[in-house]
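Just so you know, all these numbers are worked out from the coordinates, no wet-lab data involved. Note that this is a predicted model, so its numbers are computed, not measured. Note that we place each Cβ from the backbone using ideal geometry, even for glycine, and neighbour counts take in every protein chain shown.
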Amino acid sequence: MRTVVVAFGGNALQPPAGGAKDSAVDLSSAAAAIADIVKDGHRLVITHGNGPQVGYGLMRNVWAPNDVPRLSMDSLVAQSQGELGTLLGLALTNMLAARHLSIPVVCVVTHVLVDVNHPSFTEFIKPIGPVVSDADVMAAIKDKTHLPLTEERGGYRMAVPSPLPLKVFESGAVQALLERGVVVIAGGGGGIPVAYDEQSQLHGVTGVIDKDRTSALLATELDADSLVFLTDVEGVYRDFGTSSQQLVTEGTWEDFDTMVHDPQASGMGSMKPKMAAACDFVQRTRHPAAIGNLQQAARVVAGLAGTRIVWEAKEERQHAK
């Protein structure tokens, strides 16, 4: 039985404008796609993004009355892990039952070690929350969150540090659950960022960890057989969005690492973090990674769709019979 870590991009869990009812339908669609992975006999760990939820949590801090306590960044990440874990866990449980599978789904609130002395904590490069343009709103954000604003198309967004993940504290617990046949949801939003103080005590810190990097780290610590990033496109394209776009079906981690660091490699901007994380996982474990469309999740895991990143070129792509 193979262990697969499946990472959802934020678009897979982004609540639509229609509200909670439509959001549940969207999560059901995602759950249906990954239930097929479990049906194929794989042990499964699911990670997910939380950018919109954390951003709107911060906005609630901005507009809440002065006598309402503000939630810290690490608390908001924890809150969103529970919120999205509940929604996704229920949807997946229903889809597994529809396939006559009685398999428990558990959400693990996950803490991830970061280094507060790393230069990344002086670089507020991760935009979160809604785009705002009203001067009064921007002033309120600065006053209540003490976060800088970064320019985006149409206005500004809050910016936070994005430190690298060093260790997933709950990876042992996740492994134990997998061995008991449990589907695990973990590492939501890149994990709750924590660090050691001078007395070697852990505490939460302000920042949003790159969820793709945490997914790769967790997959490495679990010695997973594969790491799969699911998004809303078929895979990695050269010249994406142009008339000459071309799907890259397979390559070695060195091939993709070259593309990640090539400023001339066009049309890959939003894919590069996933490509970099996938390369890191393959380099460390020699196990394959993949990037593909959510609705083809089982085929992407099987190597029959999407983009596959392998250790050596001799690992030929599987073909559908």
(request) Enumerate the amide H contacts of residue 7 below 5 Å, restricted to partners 5 or more residues apart or on another chain; note that Pro and chain-start residues carry no placed amide H. (result) 47, 228, 229, 230
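Under the classification rounded if a/c is under 1.5, otherwise prolate if a/b is larger than b/c and oblate if not, where does region 102-149 fall, given a ≥ b ≥ c as square roots of the Cα gyration tensor eigenvalues?
Numbers: a/c = 3.49, a/b = 1.58, b/c = 2.20.
Judged from the Cα gyration tensor, region 102-149 comes out oblate (a/c at least 1.5, b/c at or above a/b).
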(request) With everything on Cα atoms, drop me the angle between helix 135-145 and the longest principal axis of the chain, reported from 0 to 90° to the nearest 10. (result) 80
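On average, how much area does the Cα convex hull of region 83-229 cover when viewed from any direction, in nm²? Please report the intermediate quantities before stating the final value.
Numbers: hull surface 46.1 nm².
Value for region 83-229: 11.5 nm².
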(request) In whole Å, largest first, what are the principal axis extents of the Cα atoms in region 66-169? (result) 54, 34, 33
(request) Taking every Cα atom in region 158-198, find the radius of gyration and the maximum pairwise distance Dmax, and write them in Å. (result) 13.4, 41
(request) Tell me, rounded to the nearest percent, the portion of alpha carbon pairs in the chain spaced more than 28 Å apart. (result) 41
(request) Enter the angle in degrees (range 0 to 90, nearest 10) between the Cα long axis of helix 51-63 and the first principal axis of the Cα atoms of the chain, meaning the one along which they spread out most. (result) 10
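Taking the mean number of other Cβ atoms within 10 Å as a proxy for protection, how do you rank 28-41, 216-229 from highest to lowest?
Working: 28-41: 19.3, 216-229: 24.5.
Peptide ranking by packing, descending: 216-229, 28-41.
Stick to Cα atoms and the Kirkwood definition of Rh, then tell me Rg/Rh for region 149-303.
Details: Rg = 17.4 Å, Rh = 17.4 Å.
For region 149-303, the value is 1.00.
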